[in-house]
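Structure first, then comments.
Only the coordinates and a few stated rules stand behind these numbers; no lab work does. These figures come from a predicted structure and were not determined experimentally. Glycine gets a Cβ as well: all are built from the backbone with ideal geometry, and neighbour counts include every protein chain shown.
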Amino acid sequence: MPTLNISIREFSKLRGFLENETLKKLGIILKKKKWRKNHNIFFLSHKNWFWELTVSTHWNIEKTSATLAIKPMSIDPILWDIMDLSENHKAPLSFRANGAFICSSLPIDNFIIEDSEKNAEVVSLAIYSWVVDSFDEYCNHITESTFSSKVEAHENQRERGAYAISLITSLISEGNIEKARKYAQAYESSDLVSISKMTNSDGKSFHYHALKWLS
């Protein structure tokens, strides 16, 4: 909430300034680690994994949050093949973070900083330190289990099927075709429910096209 003796309008103006400056400064220091920036999303391709960092400056409270997410580089091309979107193969790397037809990255870590009376340099350095540590930690353990098993275990997937498309494409990528087929059939028949919806120009769902492609 706005602090005392300041209007909501002025508070929002200050939050907007902090957001712009934080993203700018974070972009400069993350560039040294080969991260690239698109609006409030930073992204990196490293050892066949797509890494995605989303930074959000809250406009109603003095907090800034960041989420680190991952997905295999292999699963978006599988999606594009299934949905007959060959032109997407030529899209820039940033498309994998905010394109219309992409597999969702899986959140693996979160960070929140109370930014009251903190400037953009302090906030950006705090996020930078966190993401570098998290990146190094997850890089050391990322191959200990399959990506599909990570997706299956995620709370939002178990409860809402939020990553159903990423799950099926990752199973295909891992060579687990029969399990991918079973999931696609379950979602297409509504035996399983997913909040992740995607249809082609013909109005048919991703799961319909996945079954057709798998056959």
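With respect to the conditions (1) surrounded by 14 or more Cβ atoms within 10 Å (Cβ to Cβ); (2) on the phi > 0 side of the Ramachandran plot; (3) of a type in the set (Gly, Ala, Ser), Gly175 lacks only one, and its number is (1). Being assigned to a helix (DSSP H, G or I) and among the charged types (D, E, K, R) is the filter here; which residues of the stretch 198-215 pass it? Within the stretch 198-215, Lys212 is the sole residue that qualifies. Given the criteria β-branched (Val, Ile, Thr) and outside any loop (DSSP other than H, G, I, E, B), does Ile195 qualify? The answer is no for Ile195. For the stretch 20-30, the count of residues that are under 17 Å from Ile127 (Cβ atoms), of a type in the set (Gly, Ala, Ser) and surrounded by 15 or more Cβ atoms within 10 Å (Cβ to Cβ) is at least one. Within the stretch 30-52, the residues that satisfy the criterion of being more than 14 Å from the chain's Cα centre (by Cα), farther than 18 Å from Thr143 by Cβ and in contact (Cβ under 8 Å) with a residue 60 or more places away in the chain are Leu30, Lys33. Take the conditions (1) over 18 Å from His154 (Cβ atoms); (2) under 19 Å from the mean Cα position of the chain (by Cα); (3) of a type in the set (A, V, I, L, M, F, W, C); Leu106 misses just one of them, which is (1). Scanning the stretch 113-144 for residues that are in a strand (DSSP E or B) and either surrounded by 15 or more Cβ atoms within 10 Å (Cβ to Cβ) or within 16 Å of the chain's Cα centre (by Cα) (or both) turns up just one, Ile113.
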